[in-house]
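This report concerns only the one structure given below.
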Amino acid sequence: MMRINDVILRTVARFIVFIILTLAIYLFFAGHYSPGGGFIGGLVIASAFVLLYVTYDIEKVKAGIPIDFKVLAAIGVFLAVGTGFSSVLFGHDFLTQVAKDFHIPFLGEKELGTVMIFELGVALTVVGVVMTIIVSIAEGTEDEWKR
């Protein structure tokens, strides 16, 4: 059964999710030089998923975006810890970061480093853990309503 407000919410949610994800990408990349980074970017991405879950049915979102958030969290931890151990393999201290300047067409000189891989791991871990908790709570709530 569709309520009248669902049409407005679904229309607005399409634009808002795009804006939220754009903000998350900005915060992720801005984290090296100003506030932001993987943790905040991951929380903002998780908020976009929460908006989708509130707007649409959980099963509909799972069908459209088939992500196992537990696997996503595990991949994130692997990336974050892997960058730390990769520096040990080259004879440096744990989590020693390496950066190099690259010329990227249309963007100019940019510094790319292993810290970005670490931050990506943190972001994936945050999204995976937060969404696993929220989906678990939501599925438990649905079970309670069905009784």
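The values are calculated or read from the model by the stated rules, or taken from the named source; none is laboratory data. Every value quoted in this text rests on a predicted model; they were computed, and no experiment measured them. Glycine gets a Cβ as well: all are built from the backbone with ideal geometry, and neighbour counts include every protein chain shown. Side chains are part of the model used for accessible areas, which takes the heavy atoms of the whole protein and leaves out ligands, DNA and RNA. Shrake-Rupley method; radii C 1.70, N 1.55, O 1.52, S 1.80 Å.
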Percentage relative contact order, the chain, counting C-alpha pairs under 8 Å, at least six apart
26
Angle check, please: helix 38-55 long axis (alpha carbons) against the longest principal axis of the chain (alpha carbons), in degrees 0 to 90, nearest 10.
20
Per-residue [θ]222 nm for the chain (sum of -39500 (n - 2.57) over DSSP H runs n ≥ 4, rounded to 500):
-25000 deg cm²/dmol
Working with all protein chains in place, sort 20, 67 by solvent-accessible area computed with a 1.4 Å probe, largest first.
67, 20
Please list, short to long, the whole-number percent of alpha-carbon pairs of the chain in consecutive 10 angstrom bins beginning at zero.
11, 31, 31, 18, 8, 2, 0
How far apart, in nm, are the 7 Å Cα→Cβ label points at residue 65 and residue 134?
0.8
For the chain, what is the accessible area per residue in Å² when the probe is 1.4 Å?
69
Of all the accessible heavy-atom surface of the chain, with the other protein chains kept in place and a 1.4 Å probe, what percent is carbon and sulfur?
72
Computed E for residue 100/residue 22 - FRET, C-beta separation, R0 35 angstrom, nearest 0.05
0.80
Could you give the size of the charge dipole of the chain about its Cα centre, using +1 on the Cβ of each K and R and -1 on the Cβ of each D and E, expressed in debye and rounded to the nearest 20?
340
I'd like the orientation of helix 4-30 relative to the chain: the angle between its Cα long axis and the longest Cα principal axis, in ° from 0 to 90, rounded to 10.
10
